[in-house]
Amino acid sequence: MNGRLWAKRILVLAFWLGVWALLAGLVERELLLPGPWEVAKRLFALTVTWEFWHITLVSLGRILLGAALGTALGVALAVGTSRFAFLRTVLSPVLSVIKAVPVASFILLVLIWVGRDILPCVIVVLMVAPVVWSSVSAGIRTTDRELLELAKVYRFSPWRTLKRVYAPSVGPYFLAACHTCLGLAWKSGVAAEVLTVPVRSIGRELFEAKLYLESVDLFAWTVVVVLCSTALEKILSAAVTGLGRRPAWGGERP
């Protein structure tokens with residue numbers, strides 16, 4: 001089954017590469033639409049340079065740091081607003097505003113207060129935190145109250161209550177939020193880099209390629225963005241699968 005799935009994916013990829021090559025042949029203008037072979041050659045030329053890996057790792061580091069901080073902030077807000085009704089009332093409008101304001105507006109506003117080198121990280125935090133906050137809050141609300149009462153009766157410690165009661169309920173919501181946020185973090189982070197052009201960033205390379213009409217470079221760096229996003233999603237999926245195979249009770253006796 002796994003072999004058939006890979007064969008199907010390869011066929012789909014080959015189909016779309018063929019469509020791309022056909023359209024490039026019809027246009028016959030590399031400036032408007034370079035062919036896949038030209039982009040592949042340029043991508044190979046980039047990957048054999050140290051500068052390429054430096055740029056990619058710096059952008060990746062910024063975005064992953066922002067995603068991690070945003071996730072931690074979202075969880076903290078979810079716990080706080082679930083425990084204290086007043087806090088939920090005060091902060092709920094903030095969640096609505098962040099969800100409604102376009103990413104580009106946030107980028108331009110935040111640029112007033114922070115440097116362009118750390119702005120992508122800040123933008124990722126602002127995009128990720130509300131999603132995690134909303135999802136984890138929903139998971140906390142759906143936690144079985146009878147199990148919580150039972151935990152009190154048996155005098156579970158806070159850690160044991162978290163592990164035995166909250167984790168099974170909140171876990172699926174949290175993991176779903178992580179899947180959503182990973183793509184959101186990557187897109188918003190690269191968008192912030194394109195608008196602020198920090199030194200050594202994928203966004204800067206995309207901006208300069210567009211500015212100097214280097215279409216092959218623009219497509220090559222876009223492929224890098226897609227590959228990085230796909231790789232991160234695969235790594236997260238593998239991590240989630242590994243966690244799912246662990247015993248639910250951590251090998252303890254009930």
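When you count the other C-beta atoms within 10 angstrom of each residue and take the mean per peptide, 11-21, 70-80, 184-194 line up highest first as 184-194, 70-80, 11-21. Our summary gives region 34-244 a relative contact order of 28 percent, counting only alpha carbon pairs under 8 angstrom and 6 or more residues apart. What is the calculated FRET efficiency for Leu69 to Glu233, with r their C-beta to C-beta distance and R₀ = 22 Å, to the nearest 0.05? E between Leu69 and Glu233, to the nearest 0.05, is 0.65. The slack in the chain from Val114 to Arg9, taken as 0.36 nm per residue of separation less the alpha-carbon distance, amounts to 33.5 nm. Note on the chain: semi-axes of the ellipsoid equivalent to its C-alpha gyration tensor, largest first and rounded to whole Å, are 41, 25, 15.
Any read-out appearing in this document is the output of simple, stated calculations on the displayed coordinates, not a laboratory observation. In this text the structure is predicted, and so the values were computed from the model without any measurement. All Cβ positions, glycine included, derive from the backbone under ideal geometry; neighbour counts span all protein chains shown.
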